[in-house]
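Read-outs throughout are calculated quantities, based only on the coordinates presented, and are distinct from any laboratory measurement. Worth saying up front: this structure is predicted, and the values here are computed from it rather than measured. Note that each Cβ is placed from the backbone with ideal geometry, even for glycine, and that neighbours are counted across all protein chains shown.
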Amino acid sequence: MRDAAKEEVPSLKNIFLDCGCTSDKEVEELGIHVGCVITYEDEFMVLKDRYYVGRALDNRIGGFMIAEVARLLKASKTKLPFGLYIVNSVQEEVGLRGAEMITNRIKPNVAIVTDVTHCTQTPMMSKVVSGDIACGKGPVLTYGPAVHNNLLKLIIDSAKKNKIEFQRAAVSRATGTDTDAFAYSNGGVVSSLISLPLRYMHTTVESVHKDDVENVIKLIFESVKAVKNNQDFRYIK
């Protein structure tokens, strides 16, 4: 793990200027060059018509995405053959246990969880250590002990059917998200994780790609529609 304490003090080794461009030509077209004077803005912005940038997008953006799923279900007049709960919890990193209370109160049969994950193209991150994940290349689907493979397969099939580009990640133990709280509750809940790639996690300039936000919403929406009432996800029947 990186030493967060050492990164709290800005220095020439850990300050980066990100203008949302993907080539030197795009940078030049913005009029940016060596020697430009800069100021920092601490407010929400859209960077290069490509990234949403702001404070605490982890995990306010998750709340926005699941609300959009609810809006799409209503707008499309989708009639689901089961009861659907759309719930939100935050700050599991500091010990808040909203997801545990949610799953114990609702006692769901299936849980599709969304959160953010590191875009490993971010400066100072190692793709060797953390995998190769990039903003703009789609939602990230995780393999791991808390992720039920049959539900994951349903989500992958939904992505392929609807031509939604996605990325894959793997964890050997915990996912680091509320997927773990759902999966290990109530004797085991069929759970899966759809993550949104994010740059500069836990800073005031967290950044997510507009296309990824739209595709996470679409993938959750299509996956929910693909679940059948009383669907049997057991590996051995």
Which order do the peptides 47-56, 32-41, 177-186, 151-160 come out in when sorted by mean C-beta neighbours inside 10 angstrom, highest first? 177-186, 151-160, 47-56, 32-41
Between the modelled labels at R55 and D42 (7 Å from Cα along Cα→Cβ) the distance in nm is 0.6
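Can you list the DSSP H helices in the chain whose Cα atoms extend at least 20 Å along the helix axis and whose mean Kyte-Doolittle hydropathy is -1.0 or higher?
Working: long enough: 57-75 (26 Å, 0.55); 210-226 (24 Å, 0.00).
Going by DSSP H runs, the hits are 57-75, 210-226.
How large is the dipole of region 43-226 about the Cα centre if only Lys and Arg carry +1 and Asp and Glu carry -1, each at its Cβ, rounded to the nearest 20 debye? Don't jump to the answer; show the numbers that get you there.
Working: 23 positive and 18 negative charges, 126 e Å.
Dipole of region 43-226, to the nearest 20 debye: 600 debye.
Assuming a ≥ b ≥ c are the square roots of the Cα gyration tensor eigenvalues, decide whether region 3-63 counts as rounded (a/c under 1.5), prolate (otherwise, with a/b larger than b/c) or oblate.
Values: a/c = 2.16, a/b = 1.17, b/c = 1.85.
Since a/c reaches 1.5 but b/c is at least a/b, the shape of region 3-63 is classed as oblate.
Nearest 20 debye, what's the magnitude of the dipole of region 89-192 about its Cα centre given +1 on Lys and Arg Cβ and -1 on Asp and Glu Cβ? Present the calculation step by step, with values, prior to reporting the outcome.
Values: 11 positive and 9 negative charges, 75 e Å.
It comes to approximately 360 debye.
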What full-extension length gain, to one decimal in nm, is calculated for K210 and C19 as 0.36 nm per residue of separation minus the Cα-Cα distance? 67.3 nm
Assign one of three labels to region 43-226, namely rounded, prolate or oblate, based on the Cα gyration tensor with a ≥ b ≥ c the square roots of its eigenvalues; rounded applies when a/c is under 1.5, prolate when it is not and a/b is larger than b/c, and oblate otherwise. rounded
Reduced to Cα centres, the span from region 179-237 to region 76-123 in Å works out to 7
